[in-house]
Amino acid sequence: MASVRIGARWDEAGQDDRVSKARERGLIDYIEVNYPTAYDADPYALGIPVLAHTSSNPTCSVHGVNRTLASMVKAGADKADSPWVGEHLTWLGASEYGSLGYQINPLFTPEFRDLAVDNLTRLRDYYDRKIAIELSPIYVGATAYESEMHFLADVATAGDFDIILDVTHWQIANLNLERPEDYALDAMPADRIVELHVAGMRKGSDEMWHDAHENLPSDEVYAVTDRLVDAFPNLNAITFEHHPNAPESDFFVGLERLNEVIGDRRAAA
Amino acid sequence: MTALTAETRDRLLAIQDFAIRLMFCERTLEAYRDNPDAALSERGLTPEIKAQLPDVTSPQFLAEARGRRLLHERTLGQVFQHTMQVLSEINDPALSFDAFTASDHFLTPYYALPHPTGTGPGYEAVSKYFFWLRDTAQLRAPTGNAKLRDNVYLEFTAHLMGILGKPHDPSYDRFTGGLFWPLTPGTEVPVRLLSDQLYVFTINEPQKVQQLRQIGLLNLDEIEPAPKNDAGHI
């Protein structure tokens, strides 16, 4: 039977109180800290195990990954002794460093796959730690691959990386591209999936679905998560992502439901 | 992976840059839509690259591109509320939001302050927008629009004071106390001062302006973007 830990994403000190309460109530086993954190932030003082994650390294960029950013992630991962560092398959712009906002999906082509494998291999060596890779929400279909999921699988296999399957991002992509709920699941290397992300989403006035951490996950996302827990033999962690400014009561509702869904598949403390 | 040749690297850089510009630069998007081969050629790319690029006429692509720009417009609109009102009165396409997102000030990290988290410059758009507007509207020239200058300088200073109120990169400490600027560029007085308590002062005495400098306050006209991040890559 699966044995997974449940965690909550942590972005800022404003979440300290709610994650501490969640820990006290037995709802979480870890916090997933998204680096870089606010200046001088100290999530480690909470005494909760930390899983390191970042969405700030442009792993698919021709320029490679900037050393300033990577060093901040490494410092956090080292302090936390994180079992892996979560990274995104992403561009952040077209310059040698900097960001134009939220992750920008790369062109899913063999050349950018090779770049991603090279950048991530260098990062893994630099971190001296395993890497798990994740996709961002998708709005546009891939061009040189069957899909972004096939690109993810190819990068992971070619580079020997683990995978974070963001259930919400995946379902957003399926809705935006009119694909079935389990699209490309059979293309994923099941034994490489070590973590799931679970969050809310919303339909915009543009008729597209978007990531929406201020919302609770939908019934469908919980149902898909429930099925996936038994599908991945090395699944270790499920992270609930909830916006720091969203109501604390919702945070607990979301975590409680996730705990119900996981049930006795949750790892013993 | 075999090391990229210089030629391959340049080609991939051009592809990445072009794909990014399709998202943020209306001129590039329109040019590509109207004549893709010519638009690609302008960037040193050949027609077969089209097969790698998204369908820019699809509702999905347009929604994503528009959504990304809208997110920035909303964020900047919250910081520069009055500035945006003045800009709508001026109604100059060169000062439009589309012009900003198509500019090097936005697309590159070279016209920004360091991010408050300590990541260095190029990771936030507020300072990019300030430097872009200051440069594009020539707000440091005597002929620049005085109302626009005063509003954008006040709102950017207020934003910087907000950063000082939270843990921040030490490079922001130089803004402690507030910032001042001449109401008319190049003149000594009168000078506007926004303090760190967000009080607005107008100072008409040159000796008082000297005192501001003596206590360490800076002239916002003299604040420049951060130097390039030369940390290199992993």
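Can you name the number of the only condition in (1) open to solvent by 10 Å² or more (accessible area, probe 1.4 Å); (2) within 17 Å of the chain's Cα centre (by Cα); (3) among the β-branched types (Val, Ile, Thr) that A:THR121 fails? A:THR121 satisfies every listed condition except (2).
Restricted to segment A:54-69, and to residues that are touching a residue at least 12 places away in the same chain (Cβ under 8 Å) and over 17 Å from the mean Cα position of the chain (by Cα), which residue is nearest to A:ARG9 (Cα to Cα)? Reasoning before the result, please.
Residues of segment A:54-69 touching a residue at least 12 places away in the same chain (Cβ under 8 Å): A:54-66, A:68-69.
Remaining after also requiring over 17 Å from the mean Cα position of the chain (by Cα): A:61-66, A:68-69.
Numbers: A:SER61: 26, A:VAL62: 29, A:HIS63: 29, A:GLY64: 26, A:VAL65: 23, A:ASN66: 24, A:THR68: 23, A:LEU69: 19 Å.
Top of the filtered list is A:LEU69.
Of the numbered criteria (1) outside any helix (DSSP H, G or I); (2) away from chain B (no Cβ under 14 Å); (3) farther than 18 Å from A:LYS130 by Cβ, the one A:ILE163 fails is (3). For A:ILE193, the criteria (1) surrounded by fewer than 21 Cβ atoms within 10 Å (Cβ to Cβ); (2) over 23 Å from A:PHE252 (Cα atoms); (3) hydrophobic (A, V, I, L, M, F, W, C) hold in every case but one, which is (1). The helices (runs of 4 or more DSSP H) located wholly in segment B:28-116 that include 1 or more residues which are open to solvent by less than 30 Å² (accessible area, probe 1.4 Å) and hydroxyl-bearing (Ser, Thr, Tyr) occupy B:81-90, B:97-101.
Pairs please, first residue from segment B:156-171 and in contact (Cβ under 8 Å) with a residue 60 or more places away in the chain, second anywhere and assigned to a helix (DSSP H, G or I) and not basic (Lys, Arg), Cβ atoms under 7 Å, 6+ apart in sequence or on different chains. These pairs meet every condition: B:PHE156/B:PHE130; B:THR157/B:LEU220; B:HIS159/B:VAL79; B:HIS159/B:VAL126. In the set (1) open to solvent by 10 Å² or more (accessible area, probe 1.4 Å); (2) at the interface with another protein chain (Cβ under 10 Å from one of its Cβ atoms); (3) in contact with a strand residue (DSSP E or B) (Cβ under 6 Å, 6 or more places away or on another chain), the condition left unmet by A:ALA80 is number (2). Screening A:ASP114 against (1) facing chain B (nearest Cβ under 7 Å); (2) surrounded by fewer than 22 Cβ atoms within 10 Å (Cβ to Cβ); (3) under 29 Å from A:TYR30 (Cβ atoms) leaves a single unmet condition, (3). Looking at B:ARG192, B:ARG134, B:ARG149, just one residue is more than 22 Å from B:GLY122 (Cβ to Cβ), surrounded by 19 or more Cβ atoms within 10 Å (Cβ to Cβ) and free of Cβ contacts under 8 Å to residues at least 40 places away in the same chain, and that residue is B:ARG149.
Yes or no, residue by residue, for (1) at pLDDT below 95; (2) under 29 Å from B:PHE106 (Cβ atoms); (3) among the acidic types (Asp, Glu); (4) not in a loop (DSSP other than H, G, I, E, B):
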site	(1), (2), (3), (4)
B:VAL152	no, yes, no, yes
B:THR157	no, yes, no, yes
B:MET161	no, yes, no, yes
B:LYS166	yes, yes, no, no
B:TYR172	no, yes, no, yes
B:THR184	no, yes, no, no
B:GLU188	yes, no, yes, no
B:THR202	no, no, no, yes
B:PRO225	no, yes, no, no
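Just the residues that are within 18 Å of A:ASN234 (Cβ to Cβ) and open to solvent by less than 10 Å² (accessible area, probe 1.4 Å), please, taken from segment A:154-169. Listed by number, the residues that qualify are A:VAL155, A:ALA156, A:GLY159, A:PHE161, A:ILE163, A:ILE164, A:LEU165, A:ASP166, A:VAL167.
The values are calculated or read from the model by the stated rules, or taken from the named source; none is laboratory data. Keep in mind that this is a model prediction, so the values were computed, not measured. Quick reminder, even Gly has a Cβ in these numbers, built from the backbone with ideal geometry, and neighbours come from all protein chains shown. Surface accessibility is based on the protein's heavy atoms, side chains included, excluding ligands, DNA and RNA. Shrake-Rupley method; radii C 1.70, N 1.55, O 1.52, S 1.80 Å.
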